[in-house]
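Contents: one structure, followed by commentary.
The values are calculated or read from the model by the stated rules, or taken from the named source; none is laboratory data. Since the model is a prediction, treat every value here as computed from it, not as a measurement. Here the Cβ positions follow ideal geometry from the backbone for every residue, glycine too, while neighbour counts run over all protein chains shown. Accessible surface areas use protein heavy atoms only, side chains included; no ligands, DNA or RNA. Shrake-Rupley method; radii C 1.70, N 1.55, O 1.52, S 1.80 Å.
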Amino acid sequence: MNGVLQLVIYLAVLVALVKPLGWFMARVLEGKAGEAPLGLGRALGWLERGVYALCGVKTDADRRPVETGWKPYAAGILIFNAIGFLAVYALQRLQHTLPGNPAGLGAVEARSAFNTAVSFATNTNWQGYGGETTMSYLTQMLGLGVQNFLSAATGIAVLAALIRGLARRSSSTIGNCWADLTRVTLYILLPLSMLLALALVSQGVVQTFREPAKVALTVPLSYSEPVKNDAGDTLKNPDGSDQTRTVQVTEQTIALGPAASQIAIKQLGTNGGGFFNVNSAHPLENPTALSDFLQVLAILLIPAALCWTFGEMVRDRRQGWAVLAAMLAIFVPLLFATYALEAAGNPRIDAIVAHGDSASAPDAPAGNLEGKEARFGVAASARWAAATTAASNGSVNSMHDSYTPLGGLIPMWLMQLGEVVFGGVGSGLYGMLMFVIVAVFVAGLMVGRAPEYLGKKIEPFEMKMAAIAVLVPCALVLVGTAVAVAIPEGYTTSNPGPHGFSQILYAFSSAGNNNGSAFAGLTANTPFYNIALGLAMWFSRYWIIVPVLAVAGSLAAKRVTPTSSGTLPTHTPVFVVMLVAVVIIVGALTFVPALALGPVVEHLQLVGK
Amino acid sequence: MLTQLRPALVLFTILSVITGVIYPLAITGIAQVAFQGKANGSILADTAGKPIGSALVGQEFGTSDPAAAPALAKWFWGRPSATGPVPCTALNLDKATGSSGSNLGPTNPALLDNIKARLAALDAADASVGISRTSTAPGATGSAAARRATAVPIDLVTASASGLDPHISPAAAEYQVPRIAKARRMTEDAVRDLVRRHTHSRTLGVLGEPVVNVLTLNLALEQRAASESPR
């Protein structure tokens, strides 16, 4: 009961924040140089104008940045992202020669560094490495932390360009990419991150440059390990068995670092890359129920509010509500289903602990707690799993790999829907608007009218671009999975049977939709996975961004046809149902066969005798 | 294309400095002043000032080896941990290990084996102080699981997500109270009283789950034992 209440409170707070934040973001995206609401223009306007001066961004007589067409906009975005990729790659490869490395970590291996650089430039934040053992503080801050901001700003900028394309008539321009990137970073992402970071530190998230702390263990531990010679060969006893020695452990080393500042933007920017290996399950990354609530709220906050921003910018708020309603119509049932499936638990474990028949304490936790933290329990863990995969966030506060088969199917399917149910900041909504174009086209065919959206005729060019944007991720997931299971390099799974297949399918679903979460038992820090998943992330991001901007440019140039009795209204419940149906049908038709081989078979094994 | 390169480079440099240097330094500065202990890992120190743990990071008190269990009967056990080379390793640079879950799937035989081993160790610890969990009721037959009189709270036998979970459920603490009381020659009520003091209820009555901090509870038990021991 309390679990359901936690989900309801979450949804209520989220929806309540949509309007104020959505309004605020619309003001930022439509504002003049140096102007922003809530006094931010006064505080940071000088900085914005300074950036423009240094970058050579011209402003017109009305103090608005001079806009460009979609091609220069797209070129700017791509160059900017390429620089980000190169910078992260270089930092990882050179971190051992740079300051900000108190733990003395070495350079990151080349293919792993490639994977990570693509991952953070594309807002995916897939992590093949363990944060505390691989990345120096400087790499985390200046490489990964910066990309958390800039990849999120990229998503919102591309969305802003698409919305302008929809809102304008007979226009040859869709915005200025430098101005959009600057304003989104300075006025939206930075202030929200500062507030969240300080709230997280108050809960116990670490924020320090001290080296890892050594503390004494109350109960010393020991383990045995094989004895090796200098060549790395295990020495043998006379009887042929391996020589082992016992190692005493009397200290625990507590990994520290500037985590809070990075976690704040990792959640707000739907990045999801953890400071520590286990991400937001780590007690120093997510120590309390309150820090958990704030972080999970931050996951969906901006993607949800951008729906309002959209309605505001096209001067028809009903359109924004309609898209938000479609997202919620898919998300809410899946959220509660994840909770119910995890709360029902694993029958095989319950049989061992005699969790039904024998007397158990009335307040004893129930459900599948393998891979979940006690302070979060089943409800807050399932809530996070649904939110992080609905959005293309990919952070975790529990280990999805250990979920029940169907409890793990839902997060996987939420990613496979194309990350349009909230999705990434900006990218989720522009992806959803591509589905809207498909939906009005299908509806137009059904009623025999030329399809249009917001008064803009949808013609073959828009349909082709929308089809590319919708189908590229599907192809990446299925082709990637097929290649991985066809070659021995793909079998680095940690679980036998259909769950092993699920681990591979999950990895490509995550990379091919720029999510970043994992069934983490898969050893993905291998040459094959580093390259294959890196390519999947790259294609998935930029093969959508470019078609979206092309649609923006094409729509901006069109005239607006006046509404007539033949116009299909796109703010009605009928259209919301239509849109939901298109998203679900594409997602279901494409992935049901693959899901049947993995989680569905495993479920049948679990419940069958 | 080239005309785009200059603004891209300049903007990237400026925004990198703002978001990658100024922002984290500013947050660190404020955090170090306003939340000094929490920003540095919530480190606990003994009376001599020696660091003896983090209030937020679990330490291993239990085992899944029945032979080792009796020696550990006097401690509250936390969540099983899947970190290597020893449980609750927060960072080991030599072995390149840190926080980690088991990542065992729900049908993986290894998951069930781990749970059975942990259960056997818990029973061995109980047996060493004379507690039996097997039902003596005449109708109790069948497998060992079916004959258990008390269900084991599931968080005591399943690995946490981080491998560093500092908490267990109040039910998991209550399950261990009789054992701790016998092993330490305390009354059960005295143990329960300590458990209560280290229990955190749900935030605002609704968020998260009620939990007991295992490390601070065990440190309190030791402190109590030290102050009562004859000098």
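Other chains near A:150-156: what is the mean number of their Cβ atoms within 10 Å of each residue's Cβ?
Averaged over the peptide's residues, the number is 1.
Taking 20 Å² as the minimum loss, tell me which residues in the range A:118-144 lose that much accessible area going from the chain by itself to the full protein complex (1.4 Å probe).
A:Glu132, A:Thr133, A:Met141, A:Leu142
Given the peptides A:556-566, A:143-153, arrange them by the average over their residues of other C-beta atoms within 10 Å, most packed first.
Order by mean packing, descending: A:143-153, A:556-566.
Based on Cα positions only, what radius of gyration and what Dmax would you give for the range A:54-116, in angstroms?
Cα-based Rg and Dmax for the range A:54-116 come out at 18.2, 53 Å.
Name the trypsin sites (Lys or Arg not before Pro) in the range A:376-483 that are in a loop by DSSP and that have at most 16 other C-beta atoms within 10 Å, would you?
Taking the range A:376-483 and a limit of 16 other Cβ atoms within 10 Å, the loop trypsin sites (Lys or Arg not before Pro) found are A:Arg449.
Please list the non-local residues whose amide H lies under 5 Å from the amide H of A:Gly175, H modeled 1.01 Å from N, same-chain partners needing a gap of 5 or more.
Those qualifying (amide H under 5 Å, at least 5 residues apart or on another chain) are A:Thr68.
Averaged over its residues, how many other protein chain Cβ atoms are within 10 Å of peptide A:393-403's Cβ atoms?
Average per residue, whole number: 4.
If the chain between A:Ser565 and A:Leu11 were fully stretched, how many nm would it gain, using 0.36 nm times the residue separation less the Cα-Cα distance?
Here the segment from A:Ser565 to A:Leu11 would lengthen by 195.8 nm.
Which of the peptides A:159-168, A:121-130 is most tightly packed, and how do the rest follow, going by the mean number of other Cβ atoms within 10 Å of each residue? Write down the numbers at each step before the final one.
Numbers: A:159-168: 25.7, A:121-130: 27.3.
Per-residue Cβ counts within 10 Å, averaged per peptide and sorted highest first, yield A:121-130, A:159-168.
Please list the three semi-axes, largest first and in whole Å, of the ellipsoid equivalent to the range A:47-152, using sqrt of 5 times the eigenvalues of its alpha carbon gyration tensor.
Taking √(5λ) for each eigenvalue gives 33, 15, 10 Å, largest first.
Apply 1/(1 + (r/R0)^6) to the Cβ-Cβ distance of A:Val442 and A:Thr234, taking R0 = 56 Å, and write down the FRET efficiency to the nearest 0.05.
Computed FRET efficiency for A:Val442 and A:Thr234: 0.30.
Spelling out what I want: for every residue of the range A:18-24, take phi, set θ = phi - 60°, compute 6.51 cos²θ - 1.76 cosθ + 1.60 (Karplus), and round to whole Hz; glycine and proline get x.
Karplus-based 3J(HN,Hα) across the range A:18-24 equals 4, 5, x, 5, x, 4, 4 Hz.
Mind checking the mean number of beta-carbon atoms from other chains within 10 Å of the Cβ atoms in B:210-216?
3
If you average the alpha carbon positions of the range A:157-230 and of the range A:283-349, how far apart do those two centres end up, in angstrom?
Distance between centres, Cα-based: 19 Å.
Once a ≥ b ≥ c are taken as the square roots of the eigenvalues of the Cα gyration tensor of the range A:521-585, is the result rounded (a/c under 1.5), prolate (a/b larger than b/c) or oblate (a/b not larger than b/c)?
Since a/c reaches 1.5 but b/c is at least a/b, the shape of the range A:521-585 is classed as oblate.
With labels modelled as points extended 7 Å from the Cα through the Cβ direction, what inter-label distance (nm, one decimal) is found for A:Val66 paired with A:Phe461?
Taking the two extended label points, one gets 2.4 nm.
Please give the calculated 222 nm ellipticity per residue for chain A, where each DSSP H segment of at least 4 residues contributes -39500 (n - 2.57) and the sum is spread over every residue; nearest 500 deg cm²/dmol?
Helix-only estimate at 222 nm: -19000 deg cm²/dmol.
In sequence order, what are the phi-derived ³J(HN,Hα) couplings for the range A:277-284 according to the Karplus relation 6.51 cos²θ - 1.76 cosθ + 1.60 with θ = phi - 60°, rounded to whole Hz, with x for glycine and proline?
Going residue by residue, I get 4, 8, 6, 7, 7, 5, x, 8 Hz, with x marking Gly and Pro.
Mind grabbing the interface size between A and B? I mean buried accessible area, both sides, 1.4 Å probe, in Å² to the nearest hundred.
Using a 1.4 Å probe, the pair buries roughly 9200 Å².
Considering only protein heavy atoms, what per residue accessible area in square angstrom results for chain B with a 1.4 angstrom probe? Intermediate results must be reported in sequence, preceding the final value.
Values: 9570 Å² over 231 residues.
Result: 41 Å² of accessible area for each residue.
Considering every pair of different Cα atoms, what Kirkwood radius, in Å, is found for the protein assembly as shown?
Roughly 27.7 Å, rounded to one decimal.
Work out which residues of the range B:64-110 lose at minimum 50 square angstrom of accessible surface when the other protein chains are put back, relative to the chain isolated, with a 1.4 angstrom probe, and list them by number.
By number: B:Val86, B:Ala90, B:Leu91, B:Leu93, B:Ser99, B:Asn103, B:Pro106, B:Thr107.
Residue by residue through the range B:78-84, which ³J(HN,Hα) values in whole Hz follow from phi under the Karplus form 6.51 cos²θ - 1.76 cosθ + 1.60 (θ = phi - 60°), with glycine and proline marked x?
x, 5, x, 10, 9, 6, x
Summarise the accessible area of the protein assembly as shown (1.4 Å probe, protein heavy atoms) by the percent that is carbon and sulfur.
63 percent
So for each of B:21-30, A:214-223, B:204-213, A:181-190 I average, over its residues, the number of other beta carbons within 10 Å; can you give me the resulting order with the highest mean first?
With the highest mean Cβ count within 10 Å placed first, the list reads A:181-190, B:204-213, B:21-30, A:214-223.
Tell me the Rg and the Dmax, in Å, that the Cα atoms of the range A:23-76 produce.
According to the Cα coordinates of the range A:23-76, Rg and Dmax are 12.0, 34 Å.
Over 18 Å between C-alpha atoms is what I'm after, so list which of A:Lys214/B:Lys38; A:Lys19/A:Lys266; B:Lys38/B:Lys95; A:Lys214/B:Lys95; B:Lys74/B:Lys182 land there.
Cα-Cα > 18 Å for A:Lys19/A:Lys266; B:Lys38/B:Lys95; rest within.
Looking only at Cα atoms, what is the convex hull volume of the range B:18-67 per residue, in Å³? Write down the numbers at each step before the final one.
On the way: hull volume 6.3 nm³, N = 50.
Cα-based convex hull of the range B:18-67, divided per residue, equals 127 Å³.
Could you give the semi-axes, largest first, of the ellipsoid that matches the range B:183-225, computed as the square roots of 5 times the alpha carbon gyration tensor eigenvalues and rounded to whole Å?
Those come to 24, 11, 7 Å.
Mean residue ellipticity at 222 nm from the helices of chain B, using -39,500 (n - 2.57) per DSSP H segment of n ≥ 4 over the full residue count, to the nearest 500 deg cm²/dmol?
-12500 deg cm²/dmol
Ratio to report: Rg/Rh of the range A:1-97, with Cα atoms as the point set and Rh obtained by the Kirkwood method; give two decimals.
Result: Rg/Rh = 1.15.
Over the Cα atoms of the range A:66-218, Rg to Rh with Kirkwood Rh, two decimal places?
Expressed as Rg/Rh, it is 1.07.
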